[in-house]
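Heads up, the thing below is written out as structure tokens.
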Amino acid sequence: MRADNLIIEKINQTFYKNLTKMAVSLIFMLIINSLIGGIVMGTTMILMQPSTALLLLWLVVLVSLFLYYGFSVILGNFYQEKPTIIGDLFIGKKDNRRLIFITLIIMGIFVAVIFIFLFFLLFYGLKKYDLNTESGLKSLQELGFNSMLFAVGGVFLFMFILALPHALLFPTMANNPKLKLKEVLRESRQLLKGRFFKFIWFCIKAGKYPLITAILSLGLSFAIPNEFVVSILDFVFTISFYYLVIYVILSINAYYYELTAKDDEFLGIEDGSGTLENQEILESQENLEKTENSSEEEECLSLPEV
């Protein structure tokens, strides 16, 4: 695997070369997600049935996962300089079985943690509040509503931590269509084994500029009370956040392809596109080989004839 700075250099080249196509794909994905999310929220508010709401939530997660998978494939193709189209956002339909299983795993974890939390909350409420009185019921409802917000946030944080060791899952799936989901999960873990913190640091280095911009704009929006300045800072934060999303997904794909590439792949030295450092290394190797060959010829000529 090449040095981080060489990979990041190619990531930057890929980013600026295909920025318009990446932005269009990302906007298209966000629009579809927003439309489906709005339809699901409206349907849930009209029906007001927990089972229907859970089914619709599963549908939203499934569609989001399909689109994210397609977006990851698009960025991976850009990095490999393969032809790609915006229709590749829907390439997940070719891999629908494994994506459906992943969605079921996500929803299973989500529902299990929420139900465990609600069980302990009800047990705590029965001990602390008198549910025979109106004030006791109201206090339990307030506690449940406030605690539910923290519970949902905690579930997402738990699932994010659980997903980190499988960060290379989607590029692994895209390049191993015949592997079962269990084997793909194992393969993605094996690729990051012993490299986990190095991989995290690599993603931070690759997206450091949009990350710093997002943190600064968010911090200044809290520090400066002026509404006009806050609106500008919010806009800067939004743009830098989506830049960061593209950089992170592109970095994940780049890390995967560099890990699994052969020695002669992704060097970026054909057609004059290589970096100066790579060219200097190749020139030094060629000079060394020439020197060794000339020394061998001199030794052969200096030997006395028998």
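The values are calculated or read from the model by the stated rules, or taken from the named source; none is laboratory data. What you see is a predicted model; the values in this text were computed from it and never measured. We place every Cβ from the backbone using ideal geometry, glycine too, and count neighbours over all the protein chains shown. Just so you know, the surface numbers come from the protein's heavy atoms only, side chains and all, with ligands and any DNA or RNA stripped out. Shrake-Rupley method; radii C 1.70, N 1.55, O 1.52, S 1.80 Å.
Take the conditions (1) closer than 24 Å to E258 by Cα; (2) modelled with pLDDT of 90 or more; (3) open to solvent by less than 30 Å² (accessible area, probe 1.4 Å); (4) of a type outside the set (D, E); K21 misses just one of them, which is (3). From the list V61, V73, V111, the lone residue that is out of contact with any His (no Cβ under 6 Å at 6 or more places or on another chain), exposed (fewer than 15 other Cβ atoms within 10 Å of the Cβ) and touching a residue at least 40 places away in the same chain (Cβ under 8 Å) is V111. Does M173 count as at pLDDT below 90 and either open to solvent by 40 Å² or more (accessible area, probe 1.4 Å) or under 24 Å from F110 (Cβ atoms) (or both)? No: the conditions fail for M173.
Just the residues that are among the acidic types (D, E) and either touching a residue at least 40 places away in the same chain (Cβ under 8 Å) or more than 26 Å from F110 (Cα to Cα) (or both), please, taken from the stretch 176-199. Don't jump to the end; show me each part of the working.
Pass one, the stretch 176-199, residues among the acidic types (D, E): 183, 187.
Within the stretch 176-199, none qualify.
Scanning the stretch 1-18 for residues that are surrounded by fewer than 13 Cβ atoms within 10 Å (Cβ to Cβ) and either of a type in the set (F, W, Y) or closer than 17 Å to T84 by Cβ (or both) yields a total of 2.
Screening I102 with (1) within 28 Å of P210 (Cα to Cα); (2) within 17 Å of the chain's Cα centre (by Cα); (3) hydrophobic (A, V, I, L, M, F, W, C) gives one miss only, at (1).
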